[in-house]
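The values are calculated or read from the model by the stated rules, or taken from the named source; none is laboratory data. Note that the structure is a prediction, hence the values are computed from the model and not measured. Methodologically, a virtual Cβ is constructed for each residue, glycine included, from the backbone with ideal geometry; neighbour enumeration extends over all protein chains shown. Keep in mind that these areas ignore ligands, DNA and RNA; they rest on the heavy atoms of the full protein, side chains included. Shrake-Rupley method; radii C 1.70, N 1.55, O 1.52, S 1.80 Å.
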Amino acid sequence: MTARIPPLNPLFPSPPDWLLEGAAHLWLPYSQMQTTPMTLPAVKTEGVRITLADGRELIDGISSWWTAAHGYNHPRIREAVSRQLDAMPHIMLGGFAHEPAMRLAKRLADVTPGDLAHTFFSESGSVSVEIAMKMAVQYWLNQGKHGKTRFISFRGGYHGDTIGTMSVCDPEEGMHTLFKGAIPQQLLADLPADREKEAALEAFIAEHAHETAAIVTEPLVQGAGGMVFHEPAVLAKLRALCDAHDILLIVDEIFTGFGRTGTLFACEQAGIVPDIMTLSKALTGGTLALASTTARKHVFEAFLGEDPDKALMHGPTYTGNPLACAAALASLELFEEEPRLEQARAIAAQMEEELAPAREISRVRDVRVLGALGVIEVDKLDDVNWFKQRFVEEGVWIRPFRNIIYITPPLVTGKEDLSRLTGAMLKVTREWATR
Ligand SMILES: *Cc1c(COP(=O)(O)O)cnc(C)c1O
């Protein structure tokens, strides 16, 4: 079989044979395959470092898409997974119970706010949001309330790449125009970030409450939509509006969950309890694919009864995979036993200080920090690939997108390594601004 081989990567001109052979056949995420060069061959990870096939090391500034909260290869998680691998890598959850899924469901009930206590497991964030959406629609149906089938979501929001979740993403991010006709049309609003938007949202909700199953939102930070922050009061407002209008509140903590914003869950900072919460990304500390959809007592109870049609009809083949659940349990233990949240706050303080000089760079529009998330926003990034290349040359793994140069380092990142990351951000951004 012959296939088109992607262009060589200037950062890695002599790739290993497995890359040369496979690159013609592997379809990469979010990539124009005609122009995207071969990706960098990584052969090992350890702590906050990624080793390339030629021995070069990169400090990871983004925790492999925001997952590796404890850094890579944490011995605690490795041992838990390895023990589970010996005993039982997988077994179907239909008809069988196993310890990791049961213990994890119980642990999540303990650590999530309020009476969030009933967890459904899946393998990706997008699917966990799909499940939350299904739960919300059926919650109303099971109570005999028909017509509440739509969702209110927010400009700048991101909730996944599947057809259902695309419909609650920002219209541009979710490619609503391109996929018009394929994705359901939902109700798009602005987050109530000021008085005017608050009034507009109130009116919008009053108009659409009868057809709305739930509001879907990311708490405190819209991640993939551009690392845009909002105040905890915004979440409190959404909670109050949902209560007043008989609408469920789905809080998508897939990005923010597990310490990223300085608390274990972002919604804690608003003192609110969503009706349904989704988690994934850092759930297993960046080791295995797992996601959870956790519902409050009243949501769960709406599915109880003699009628089999009232049950939640969903069941991914790998739901509650024992390896992934064992990893998540070990990860949660680490959050308890090691000072992760203090580390997140220390990272915040250091980033505040070290990123501040970026404000002096022309073309920088904003510098902002929330927990272990540091952002330099510039006017416009038309050469993202130049940035990516320069960062690798500087020995760091940082991937700007839109007009955002950001880091979400592992929470265990030491002072010096963090300075390498922030230093590279400043250096490369300065270079770019004066090019
Ligand atoms: C990444 C992300 C998702 C999608 O998760 P996948 O595992 O990529 O499907 C959903 N919501 C938020 C907030 C995310 O950051």
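The table below gives the values:
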| read-out | value |
| --- | --- |
| Cα centroid of the range 371-412 to Cα centroid of the range 187-229, whole Å | 28 Å |
| Contact order normalised by residue count of the range 75-335, Cα under 8 Å, 6+ apart, percent | 30 percent |
| Extension gain, Ala433 back to Glu393 (0.36 nm per residue minus Cα-Cα distance, nm) | 12.6 nm |
| Trypsin sites (Lys or Arg not before Pro) restricted to the range 290-319 and DSSP loop, no more than 11 other C-beta within 10 Å | none |
| Label zone at Ser14 (point 7 Å along Cα-to-Cβ), backbone N below 14 Å, the range 24-61 | 53-56 |
| 1.4 Å probe accessible area per residue over the chain, in Å² | 45 Å² |
| Carbon and sulfur %, accessible surface of the chain computed with the full protein complex present, 1.4 Å | 55 percent |
| 14 Å beta-carbon shell around Gln350, net charge (K/R +1, D/E -1) | -3 |
| Length released on extending from His245 to Leu28, taking residue separation times 0.36 nm less the Cα-Cα span | 73.8 nm |
| Restraint check, Lys145/Lys197; Lys44/Lys388; Lys148/Lys281; Lys237/Lys388; Lys106/Lys145, Cα-Cα greater than 27 Å | Lys145/Lys197; Lys148/Lys281; Lys237/Lys388; Lys106/Lys145 |
| Segment Leu178-Glu416, length gained on full extension (0.36 nm per residue, minus Cα span) | 81.2 nm |
| Two-site FRET efficiency, Asp309 against Ala87, from Cβ-Cβ distance with R₀ of 45 Å, rounded to 0.05 | 0.75 |
| Sequence of Arg155, Arg340 from largest to smallest accessible area, 1.4 Å probe | Arg155, Arg340 |
| Spacing of the two label points (7 Å from each Cα toward its C-beta) at Met102 and Arg4, in nm | 5.3 nm |
| Helix-derived mean residue ellipticity, 222 nm - over the chain, DSSP H n ≥ 4, -39500 (n - 2.57), to 500 | -10500 deg cm²/dmol |
| Pairwise FRET efficiency - Glu360 versus Glu196, Cβ, R0 = 51 Å, nearest 0.05 | 0.95 |
| Top of Ser31, Ser124, Ser82 by mean-square fluctuation, Gaussian network on the chain, Cα under 10 Å | Ser31 |
